[in-house]
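Read the structure below first, then the notes.
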Amino acid sequence: MMGLATLLITSVASATEVFVLSASPSHMRALAASCAACHGTLGNAVVPNGGGNGVDKAKLLAGIDKTDFLTKMLAFKSGEREATVMHRHARGLNTQEIEGLATYFSAQTPRQPSALPSQVLNKNHAN
Amino acid sequence: MQTNRRDFIKLTGVGLGLGLANASLSAFARATKPPIGRVVVVGGGYAGATVAKYLRMWSLGAIEVIVVEVNKQFVSCPLSNLVLGGSKSINDLTFGYDALKANHGIQWVQDTVTAIDSTAKKVTMLRGELSYDRLVVAPGIDFIYNDLPMLASAEGQQQIPHAWKAGWQTVNLRKQLEAMPDGGVFVMNVPKAPYRCPPGPYERVCQVASYLKAHKPRSKIIVLDANAEIISKKGLFTKVWATLYPGIVDYRPDSAVTSVDVATKTVTTDFDKVSADVLNIIPPQRAGKIAQIANLTEKDYPWCEVDFLTYESKLVQNVHVLGDSVAAGLPKSAHMATNQAKVCANAIVQLMAGLAPDSVPVFANTCYSFVTDKSAMHVANVYRYDEAKKIMISAEGGGVSLAPSDKEGEYAASWAQNIWTDVLT
């Protein structure tokens, strides 16, 4: 675990301008927000029982331990952890982005959002 | 911003008639500081609702946001093919906007936009007017009926629904399918790409086939594809049809619909004439009506070109375009619409605060397709801005499922719950 974290910090420190950009809050919040379709707003998924996409409620992305997040994402990236879809997302991101997401999600407050209730379709709806 | 404030009060003078919610009035009254700017959003679909929410969230309430949407409710296109298969009802896919409005202090007007004056920065609706500092247009798609004028009327669509905007047409098509006798023929087309939801028509084939297999095993489905081949998840769909639905799916590439006889439900292509018991025609598509009204498309290309850092139109200043109306190159999916909305919200917040927008946006995109009532498969990619080409390009590592699975079906259902809650609360 320590080895991993050290490795990441070294590679970040040696990176250039790109990192400064990718580490800026506005860049990271938009990237992190693209995970919300499956993991909920600010990492708070709504579906209990193995929902929230394989993450149980106790392990929302919101408030996740930083090292835990890094380990999981890198395992998806390398293929060490089998996944239905996360290997695609992890492989598309570079190490700096994964590091930035770890910081971002670990700083979010875990909440208990409930799923939005559906409604009866209104007679006057167009289409 | 004094004028904006006055405009808004003028509007609220007739407010209840315009469908403004009490929640948004009190949210406005609560605002202590004058807003740093006003954004009007036209369209409350995946893109429009998302941009409204994230503008409020990321500006910490400093940007005033008004959404203009013609419908009272949000009906999800994703999962609506399952209504045809029978495992979902349209009422499972219908939601209100109240939570979104109340949670984020978004002002809401239920009305139709009739004109946009980008010089005066003004939106005209049937029952009022709004000024804006920036306008976001997220109107979805519009159908092109030039070659199929017989389907342009409500009457034509009652007989032959497109069911490509979820709602009553979806319900209508399901009822027709239920009423079809065993041994009947369901005919549908795939319009020429680009169109909304690339894998959507092929998912529909699976859903209809799944219903037929269980309830009308002597029936079949003929698919007339205007494209030269299946344009999304080709290997997977081909295999699913051959293994799960043998003898049910008759797929015909290069078969653009040239004409339809509404009374007899007969379709003509360049090579063929096909008669249907139930007919589902999905017309070719272009950017939504508002995009046309606002001159956001060029004459010879019916989609909107944008700057992918801000989603500002390349043709009209201070007007941003989101979702299915945006020029092809990015798949027209719900997840994509929300991603564009978030990049756009982020950029507008930065710009209104006098800061530069993010110069290297990156986002994740996934489309699930259900091949039975339970089993699904994905196509997933990360997209990153390419500074040389000035477009979003897919990063390495993207791709499709090896095979559909029930596990992915569960995750797809969970995707739906999470994206609905992200967009609408």
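The values are calculated or read from the model by the stated rules, or taken from the named source; none is laboratory data. All figures in this text were calculated on a predicted structure; none of them were measured in a lab. As a convention, Cβ positions derive from the backbone with ideal geometry for all residues, glycine included, and neighbour counts pool all protein chains shown.
Okay, residues lined up against (1) within 13 Å of chain B (Cβ to nearest Cβ); (2) at pLDDT below 95:
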{"residue": "A:49", "(1), (2)": "yes, yes"}
{"residue": "A:54", "(1), (2)": "yes, yes"}
{"residue": "A:73", "(1), (2)": "yes, no"}
{"residue": "A:101", "(1), (2)": "yes, no"}
{"residue": "A:105", "(1), (2)": "no, no"}
{"residue": "A:111", "(1), (2)": "yes, yes"}
{"residue": "A:119", "(1), (2)": "yes, no"}
Across the range B:54-93, the tally of residues that are within 12 Å of another protein chain (Cβ to nearest Cβ) and free of Cβ contacts under 8 Å to residues at least 24 places away in the same chain stands at 4
Across the range B:324-339, the tally of residues that are more than 10 Å from chain A (Cβ to nearest Cβ) and part of a helix (DSSP H, G or I) stands at 3
So the strands (runs of 3 or more DSSP E) completely within the range B:347-425 holding 2 or more residues that are buried (at least 19 other Cβ atoms within 10 Å of the Cβ), more than 7 Å from every other protein chain (Cβ to nearest Cβ) and among the hydroxyl-bearing types (Ser, Thr, Tyr) are B:362-370
Selection from the range B:350-367 of residues more than 17 Å from residue B:388 (Cα to Cα) and β-branched (Val, Ile, Thr) yields B:366
message = Checking the structure you have, find out if any residue of the range B:120-128 is away from chain A (no Cβ under 14 Å), surrounded by fewer than 19 Cβ atoms within 10 Å (Cβ to Cβ), at pLDDT 95 or above and more than 18 Å from residue B:66 (Cα to Cα).
response = no
Here the qualifying pairs (Cβ atoms under 6 Å; residues six or more apart or on different chains; first in the range B:217-241 and under 23 Å from residue B:256 (Cβ atoms); second among the small types (Gly, Ala, Ser) and crowded, with 23+ Cβ neighbours inside 10 Å) come out as B:221/B:209
- request: Would you confirm whether any residue within the range A:52-73 is touching a Gly at 6+ places or on another chain (Cβ under 8 Å), crowded, with 17+ Cβ neighbours inside 10 Å and basic (Lys, Arg)?
  value: no
Any hit, the range B:53-70, residues being modelled with pLDDT of 95 or more, surrounded by fewer than 24 Cβ atoms within 10 Å (Cβ to Cβ) and closer than 15 Å to residue A:127 by Cβ: yes
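Residue-by-condition table, conditions (1) without any contact (Cβ under 8 Å) to a residue 60 or more places away in the chain; (2) in contact with a helix residue (DSSP H, G or I) (Cβ under 9 Å, 6 or more places away or on another chain); (3) outside the structural domain of residue B:251 (by TED's automatic domain parsing):
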{"position": "B:183", "(1), (2), (3)": "yes, no, no"}
{"position": "B:197", "(1), (2), (3)": "no, yes, no"}
{"position": "B:206", "(1), (2), (3)": "no, yes, no"}
{"position": "B:212", "(1), (2), (3)": "yes, yes, no"}
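Within the range B:99-119, which residues are away from every other protein chain (no Cβ under 14 Å), part of a strand (DSSP E or B) and either at pLDDT below 95 or buried (at least 19 other Cβ atoms within 10 Å of the Cβ) (or both)? Break it down into steps so the answer makes sense when it comes.
At the first step, the residues of the range B:99-119 found to be away from every other protein chain (no Cβ under 14 Å) are B:105-109, B:114-119.
This time we only want the ones that are part of a strand (DSSP E or B), so: B:107-109, B:114-117.
Correct list: B:107, B:108, B:109, B:116.
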Those residues of the range B:71-86 that are closer than 25 Å to residue A:124 by Cβ and small (Gly, Ala, Ser) come to a total of 2
Of those in the range A:24-43 that are within 10 Å of the chain's Cα centre (by Cα) and within 14 Å of residue A:98 (Cα to Cα), the residue farthest from the other protein chains (Cβ to nearest Cβ) is A:32
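From the list B:96, B:45, exactly one residue is within 12 Å of chain A (Cβ to nearest Cβ), touching a Phe, Trp or Tyr at 6+ places or on another chain (Cβ under 8 Å), buried (at least 23 other Cβ atoms within 10 Å of the Cβ) and of a type outside the set (Ser, Thr, Tyr). Which is it?
Values: B:96 fails: buried (at least 23 other Cβ atoms within 10 Å of the Cβ).
From the options B:96, B:45, the qualifying one is B:45.
What number of residues within the range B:24-45 satisfy the criterion of being modelled with pLDDT of 95 or more and in a loop (DSSP other than H, G, I, E, B)? Full working, then the answer.
In the first step, residues of the range B:24-45 are kept if they are modelled with pLDDT of 95 or more; the result is B:37-45.
Now restrict to residues that are in a loop (DSSP other than H, G, I, E, B): B:43-45.
Going through the range B:24-45 one residue at a time, the tally reaches 3.
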